[in-house]
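Trainee: A single structure is presented below for examination.
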Amino acid sequence: MDRSSLSTQCNHWHPAFESILQIVGGSGSHGQLIDVRAELKSAVSSDRPLVMLCPHADDGAITAACLLHEYSVKRGQPVVEVLVFTGERNVDAPWMNDKKKVSMRENEFRLECEVLGAEAVCWDLDAYRTPGYAPSPADVDKIVDWFSTRRPGAIIVPPATDAHLAHRMTRALTAIGLLGANLADTLVLTGWTPWGPLPRPNAFFPYDAEAERAKQWAIHCHASQLLLTDYFEFCSHLGRAYAALTREWSEGHAPSSSRSNRFEELYVGAELFQIEKYDASRPYLSAVDPIQIALGILSGKLDAAKFSPIQEMVAGRR
């Protein structure tokens, strides 16, 4: 039915109904999931690593351990895990002083990287000690210099909707790094975290029992955190649920007789991702997502002058 006729033919029409329906009409097409390896094939190379930005020491293992392990160990591609914020919080060990707690979390992070075959990098930002994780000028310099030197081919970041402030700031610092290094060709992936489900997943990485075992090892490197929450049990159940749903999302609602059973035979779970592109059809996203701003400016679809706060932070290093 033509929506223009709703106002005249509905018995219970309300003036706000049209605006409500327009929101969905302008929110993009029906989602479909693809295998994330198809996008990574042209993005990651010997001199363009796959980078996981970890707000905290265990975020890489929880979000993307199977994907990181696949590319570093099985494919021999460069994989880097960056510990963005390192500190003593949430280490339930009252017999340790703060310095020892920091050391423990960094050691757990490095051990995880050994298990997954990734290079471990610790940024040690001043932002960990400031209200709202606001970066210092030295932090901005460090981040932009690092992005300029390492030139990631693909990068994994937390969601813009994440409840954890450190995760949202990590996404903003990624946007600064991409802009400051002018990395227009870097593939940006948003990864799932327990504190911020993906708003619109569009890619998946299927993993088998062997890869799940590697994820288990990686998560269990973080003994200080497992005393609080058994993240592997959490991720295991979720990965299996995503594996069951991924077949439907990727193959559509085809009759079961016409579907491939290869996914069921080989894979026990799936890690979900959101491949990020600047979405000109939803410009309002730029108001809430730093990555949308960065991708819009880098692609020439947004005027950098309209987003002077980020530009001023980057310009401050010059």
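The values are calculated or read from the model by the stated rules, or taken from the named source; none is laboratory data. Since this is a predicted model, take the numbers as computed values, not measurements. Cβ coordinates were reconstructed from backbone atoms using ideal geometry, including for glycine residues, and neighbour counts include every protein chain displayed.
Trainee: Scan segment 44-77 for residues that are surrounded by fewer than 21 Cβ atoms within 10 Å (Cβ to Cβ) and part of a loop (DSSP other than H, G, I, E, B) and jot them down.
Mentor: Those that are surrounded by fewer than 21 Cβ atoms within 10 Å (Cβ to Cβ) and part of a loop (DSSP other than H, G, I, E, B): SER46, ASP47, ARG75, GLY76, GLN77.
Trainee: Take the residues in segment 90-126 that are among the small types (Gly, Ala, Ser) and at pLDDT below 90; name whichever of them is nearest to ALA172 (Cα to Cα).
Mentor: Among residues in segment 90-126 that are among the small types (Gly, Ala, Ser) and at pLDDT below 90, the one nearest to ALA172 (Cα to Cα) is SER103.
Trainee: Follow-up. Give the residues of segment 113-123 that are of a type outside the set (Val, Ile, Thr) and over 20 Å from the mean Cα position of the chain (by Cα), sorted by residue number.
Mentor: The one that is of a type outside the set (Val, Ile, Thr) and over 20 Å from the mean Cα position of the chain (by Cα): GLU114.
Trainee: Give me the residue from segment 198-240 that is outside any loop (DSSP other than H, G, I, E, B) and among the polar types (S, T, N, Q) and, out of that set, farthest from GLU271 (Cα to Cα).
Mentor: SER224
Trainee: Another question, then. Do any residues in segment 50-76 that are under 16 Å from GLU271 (Cβ atoms) have Cβ atoms under 6 Å from those of residues that are among the small types (Gly, Ala, Ser) and outside any helix (DSSP H, G or I), where the two are at least six apart or on different chains, and which pairs are they?
Mentor: LEU50/ALA154; THR63/GLY191; ALA64/GLY191; LEU68/ALA118; SER72/GLY117; SER72/ALA118; VAL73/GLY117
Trainee: Ok, one more. The conditions are (1) over 14 Å from PRO55 (Cβ atoms); (2) free of Cβ contacts under 8 Å to residues at least 60 places away in the same chain; (3) touching a helix residue (DSSP H, G or I) at 6+ places or on another chain (Cβ under 8 Å); (4) not aromatic (Phe, Trp, Tyr), and ARG110 fails exactly one of them. Which is it?
Mentor: Failing condition for ARG110: (3).
Trainee: May I pose another question? Taking segment 9-43 on its own, how many of its residues are in contact with a helix residue (DSSP H, G or I) (Cβ under 9 Å, 6 or more places away or on another chain), under 25 Å from ALA270 (Cβ atoms) and either among the aliphatic types (A, V, I, L, M) or assigned to a helix (DSSP H, G or I) (or both)?
Mentor: The number of residues fulfilling the criteria is 5.
Trainee: In contact with a His (Cβ under 7 Å, 6 or more places away or on another chain) and modelled with pLDDT under 90: does that describe THR193?
Mentor: Considered against the rule, which asks whether it is in contact with a His (Cβ under 7 Å, 6 or more places away or on another chain) and modelled with pLDDT under 90, THR193 comes out as yes.
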